[in-house]
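Right, one structure below, let's go through it.
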Amino acid sequence: IGDLGERFLYYKIKQETQAAARIKAINSLNYSGDKAMREEVSRCMLGVLKLCESRAVSVEIPQDVAVKLVDIGMIAVRLRTRIKRTATADGASLEFRPITEGCTRILKSCKALLQGLTLVRGLDSPGIAEYDLIARVIWDSVPYYRKSALGFVYHKNDGISIIEMSQELDINEKLAKVLLDDLVIVGVLKKTDKISNIYYLEDAVKLSIEK
């Protein structure tokens, strides 16, 4: 199923401190109100739905916001494209070259989420704060190492080597090469020639990020 494309978006809660996590763990051992908690969550969710229903109006997404969502959506689907490899002594061999899915699915989900967020916040149209939240959801839905690799290449603003990527992400060079080659396959990075082991950001991807 995963080969057909990722179906879900994710929102990653920022990591809490070790002390806070320990207190929560201790409290959870003595907590027996699961049923009451679930009922409270249900009441809250019902309240949100009733609010949206009472303000059932069409939320139009501004053109500039729509363009930005399309740009990062197109990058995200490339970064989320699954590549099947078979483990070998030299690393991993590619089983087949995947076809990147269109960004329709992710954009449809983001549009619904953006419209719902706008309604709940009592706004007539989404602003920069709402867009930033949706953008975070999109980036949170991208595999960590691919997202980190993209950010490193972009901010370096020059070609990078396998060794540099290995050191930046603290992974071995074989894994770094597979990661970089995968990003070439999905159209995020490029190599100027087949012999060189220097990787660059695709022009279209760079342009979309800078928009």
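The values are calculated or read from the model by the stated rules, or taken from the named source; none is laboratory data. Since we're looking at a predicted model, the values are computed, not measured. Note that each Cβ is placed from the backbone with ideal geometry, even for glycine, and that neighbours are counted across all protein chains shown. Quick note on the areas: whole protein, heavy atoms, side chains included, nothing else; ligands and nucleic acids left out. Shrake-Rupley method; radii C 1.70, N 1.55, O 1.52, S 1.80 Å.
Modelled spin-label separation between Leu169 and Ser148, with each label point placed 7 Å from Cα along the Cα-to-Cβ direction: 0.8 nm.
Overall size of the stretch 60-211 from C-alpha positions, given as principal axis extents largest first: 57, 30, 26 Å. Among Cys44, Cys110, the order of accessible area from largest down is Cys44, Cys110, computed with a 1.4 Å probe on protein heavy atoms. The label point for Val41 and the one for Asp64, both projected 7 Å from the Cα toward the Cβ, are 3.8 nm apart. The equivalent ellipsoid of the stretch 114-193 has semi-axes of 35, 12, 11 Å, largest first, where each one is the square root of 5 times an eigenvalue of the Cα gyration tensor. Set the Förster radius R0 to 35 Å, insert the Cβ-Cβ distance between Ile128 and Ser196 as r into 1/(1 + (r/R0)^6), and round the FRET efficiency to 0.05. Result of the calculation: an efficiency of 0.30.
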